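The values are calculated or read from the model by the stated rules, or taken from the named source; none is laboratory data. What you see is a predicted model; the values in this text were computed from it and never measured. Here the Cβ positions follow ideal geometry from the backbone for every residue, glycine too, while neighbour counts run over all protein chains shown.
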Amino acid sequence: MQIRIIPHPVFRAAIPFTVAGQESPAVVTFDLRHKSPQELRRWAASFAGRETAEIVSDVVVAWVSGVVDDDGAEVPYSKDNLELFLASHGSRATDLLHAYQRELLESRQKN
């Protein structure tokens with residue numbers, strides 16, 4: 001596998017979320033914006049005074065799968081739906097931001 005000198009601007013990641021009453025985490029697949037280390041620092045510096053959904057929407061392009069309504073039908077991505085998704089459970093924004101950071105900064109080399 002090759003590595004691009006400049007990363008693709010959008011990458012896909014499957015992110016697990018714990019759900020109260022469920023033994024296994026639910027997995028939501030997102031398309032996320034790539035940020036360089038310098039862009040990450042500027043982005044983190046912009047958090048003060050901003051709403052969580054606004055901060056998260058800076059990096060979330062869309063969710064691809066995994067978010068459903070009460071009837072099990074896929075819910076389309078929109079900023080309003082992202083805000084509802086994040087507001088429904090306190091840890092979702094933190095889980096999403098931590099997973100985003102792991103995707104960008106942690107090496108996944110086999111031992």
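Going through 40, 97, 84, 32 one at a time, which residue ends up being in a helix (DSSP H, G or I), closer than 26 Å to residue 1 by Cβ and either under 15 Å from the mean Cα position of the chain (by Cα) or hydrophobic (A, V, I, L, M, F, W, C) (or both)?
After ruling out the rest, the residue left standing is 40.
Return the only residue of 82, 104 being touching a helix residue (DSSP H, G or I) at 6+ places or on another chain (Cβ under 8 Å), at pLDDT 95 or above and closer than 18 Å to residue 13 by Cβ.
Only one candidate qualifies: 82.
Can you tell me which residue is farthest from the chain's Cα centre (by Cα) among those in segment 66-80 that are surrounded by 10 or more Cβ atoms within 10 Å (Cβ to Cβ) and farther than 20 Å from residue 18 by Cβ?
Here the answer is 74.
Suppose we filter 61, 27 for residues that are among the β-branched types (Val, Ile, Thr) and in contact (Cβ under 8 Å) with a residue 40 or more places away in the chain; which single one remains?
Answer to the check: 61.
Filter segment 11-39 down to residues that are under 13 Å from residue 104 (Cβ atoms) and in contact with a Lys or Arg (Cβ under 6 Å, 6 or more places away or on another chain), then give me how many there are.
0
Which condition from (1) part of a helix (DSSP H, G or I); (2) farther than 17 Å from residue 102 by Cβ; (3) among the β-branched types (Val, Ile, Thr) is the one that residue 6 breaks?
Failed condition: (1).
Residue 50 fails exactly one of the following numbered conditions: (1) part of a loop (DSSP other than H, G, I, E, B); (2) closer than 19 Å to residue 103 by Cβ; (3) of a type in the set (Lys, Arg). What is the number of that condition?
Result: residue 50 fails condition (2) only.
Of all residues in segment 1-38, which are surrounded by 12 or more Cβ atoms within 10 Å (Cβ to Cβ), over 18 Å from residue 86 (Cβ atoms) and among the charged types (D, E, K, R)?
Within segment 1-38, 12, 35 qualify.
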